[in-house]
Amino acid sequence: MNQHRETAARLRTAARKLFADKGFNAASVREITRLAGANLGAVTYHFGSKEALHHAVLEDVFEDAAQRVEQAAAQHPDPAQRIRAVVTAFFAFFAAAPDAPLLLIREVAGGAPPPAPVVPRIRRILGAITRVIVDGQQHGVFRAVPPHLAAFSLVSQCVWFAVVGRHMPGMLDLEIPDTILRATMREHIADVVTRAVITEPPHA
């Protein structure tokens, strides 16, 4: 990697941390370049503007998430297992990118329309999950719930638990290792979503 690419990569890393911690407006170019070990004009030189750097960071994050969900949603012939695979993919993504949940929350719940790089990738994520729900309905495995709402519910629970989950032991006065906590949350969400959509067996 040449020096130009190294500097751009450092700026992306620094900006991603600050955007997650503080949000786009509160993260200044001066802070980003200082954290990246670059000069003050580096953001303009490498990306053109702070907004363009923000878009580059969001593209990295949301593209990774979209690819993971799309792959997981196509893993199993059984729709219920595909739901569990999607939840597992979200938690694997958050474990690899712990700053991603805050970025997702800030962009989706910030009030303003999502930036351009986010929209097509959110559509891919929701579309992949929606197709799993529809497939399950067509095969009689899932009930006739609104598939788009079921997809939103799954994503919302994964992101919310990833954001607040780290505080759960303190709030509930529990001592539980982080790896066990993540696995428990993952299984809980998969179970809740699956139970919400799956067709109940007929009573004997």
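The values are calculated or read from the model by the stated rules, or taken from the named source; none is laboratory data. From a predicted model like this one, the values you see are computed outputs, not experimental measurements. We place every Cβ from the backbone using ideal geometry, glycine too, and count neighbours over all the protein chains shown.
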Note: among Leu40, Leu11, Leu58, Leu35, just one is surrounded by 20 or more Cβ atoms within 10 Å (Cβ to Cβ) and more than 18 Å from the chain's Cα centre (by Cα), namely Leu11
Just the residues that are acidic (Asp, Glu) and free of Cβ contacts under 8 Å to residues at least 60 places away in the same chain, please, taken from segment 60-79.
Asp60, Glu63, Asp64, Glu70
Anything in segment 81-96 that is farther than 18 Å from Ala162 by Cα and surrounded by fewer than 18 Cβ atoms within 10 Å (Cβ to Cβ)? List them, or say none.
Gln81
Taking interchain pairs and intrachain pairs at least six residues apart, which have beta carbon atoms under 8 angstrom, with the first residue in segment 105-124 and farther than 18 Å from Lys22 by Cα and assigned by TED's automatic domain parsing to the domain that holds Phe94 and the second at pLDDT 75 or above and outside any helix (DSSP H, G or I)?
Ile122/Pro114
Restricting to segment 123-145, name every residue that is among the hydrophobic types (A, V, I, L, M, F, W, C), part of a helix (DSSP H, G or I) and crowded, with 18+ Cβ neighbours inside 10 Å.
Ile125, Leu126, Ala128, Ile129, Val132, Ile133
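Please give the helices (runs of 4 or more DSSP H) falling wholly within segment 1-52 in which 1 or more residues are in contact (Cβ under 8 Å) with a residue 60 or more places away in the chain and among the aliphatic types (A, V, I, L, M).
Numbers: elements: 3-22, 29-36, 42-47.
Those helices (runs of 4 or more DSSP H) span 3-22.
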Somewhere in segment 72-95, is a residue more than 25 Å from Ala52 (Cα to Cα) and aromatic (Phe, Trp, Tyr)?
yes
Within segment 18-71, work out how many residues are within 16 Å of Glu107 (Cβ to Cβ) and of a type in the set (Phe, Trp, Tyr).
3
Only one of (1) crowded, with 17+ Cβ neighbours inside 10 Å; (2) among the hydrophobic types (A, V, I, L, M, F, W, C); (3) modelled with pLDDT of 90 or more is not met by Ala74, so which one is it?
(1)
